[in-house]
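Okay, so here's the structure we're looking at.
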Amino acid sequence: QVHLVESGGGLVQAEGSLRLSCAASGGTFSSYAMGWFRQAPGKERESVAAISWGGSRYYADSVKGRFTISRDNAKNTVYLQMNSLKFEDTAVYYCAARRGTSYYIDENEYHYWGQGTQVTVSS
């Protein structure tokens, strides 16, 4: 069983930056693919970024060039650096872990989820 805890959310002005962290415990972190998802009010949860066991990365078109996903296997942590934030980035951000080496965009492919952290961007 893997336990995920997100942190780093908050209120930020448009064009500002935030770094989300997701600390994992209870499993072999380096053997998991990790993903960040978000859910805005009234919308479905969507994939934002993902990183494979080997470091391959995926980004949603809406965040390409602004967000960076990374992982530190020594610290059992995955990060989401968010720059040039926009009002439409406002959402609850979730970290997810998937057993296996490859990342997936489909949330149903992920086995473990964090509780979420709120990101609010003021315009």
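Across region 17-39, the number of residues qualifying as open to solvent by 20 Å² or more (accessible area, probe 1.4 Å) and closer than 18 Å to T90 by Cα comes to 5. Does region 28-42 contain at least one residue that is of a type in the set (S, T, Y), at pLDDT 95 or above and closer than 19 Å to G116 by Cα? Checked region 28-42: no residue is of a type in the set (S, T, Y), at pLDDT 95 or above and closer than 19 Å to G116 by Cα. Residues in region 1-16 that are open to solvent by 20 Å² or more (accessible area, probe 1.4 Å) and either of a type in the set (D, E, K, R) or touching a Lys or Arg at 6+ places or on another chain (Cβ under 9 Å) (or both): 3 in all. Figure legend. Inter-residue proximity from region 11-30: first residues without any contact (Cβ under 8 Å) to a residue 60 or more places away in the chain, second residues aliphatic (A, V, I, L, M) and in a loop (DSSP other than H, G, I, E, B), beta-carbon distance below 6 Å, spacing 6+ or different chains. Indicated pairs: G26/V2.
Within region 77-101, if we keep just the residues that are in a loop (DSSP other than H, G, I, E, B) and at pLDDT 95 or above, the residue that is surrounded by the most Cβ atoms within 10 Å (Cβ to Cβ) turns out to be L85.
Kindly evaluate K64 against the criterion of being modelled with pLDDT of 95 or more, open to solvent by 30 Å² or more (accessible area, probe 1.4 Å) and touching a strand residue (DSSP E or B) at 6+ places or on another chain (Cβ under 8 Å). No: the conditions fail for K64.
Within region 84-116, being polar (S, T, N, Q) and over 22 Å from S52 (Cα atoms) holds for S84, T90.
The single residue among Y104, Y58 that is under 12 Å from the mean Cα position of the chain (by Cα) and either touching a residue at least 60 places away in the same chain (Cβ under 8 Å) or part of a strand (DSSP E or B) (or both) turns out to be Y58.
Of the numbered conditions (1) under 21 Å from G10 (Cα atoms); (2) open to solvent by 60 Å² or more (accessible area, probe 1.4 Å), N73 fails exactly one; give the number of that condition. That leaves (1) as the condition not met. Flag: R45 matches the condition of being in contact (Cβ under 8 Å) with a residue 60 or more places away in the chain and either surrounded by 14 or more Cβ atoms within 10 Å (Cβ to Cβ) or within 15 Å of W113 (Cβ to Cβ) (or both).
The values are calculated or read from the model by the stated rules, or taken from the named source; none is laboratory data. This structure is a prediction, so every number in the text was calculated from the model and none was measured. Ideal geometry is used to build each Cβ from the backbone, glycine not excepted, and the neighbour counts take in all protein chains shown. Surface areas here come from the heavy atoms of the whole protein model, side chains and all, with no ligands, DNA or RNA. Shrake-Rupley method; radii C 1.70, N 1.55, O 1.52, S 1.80 Å.
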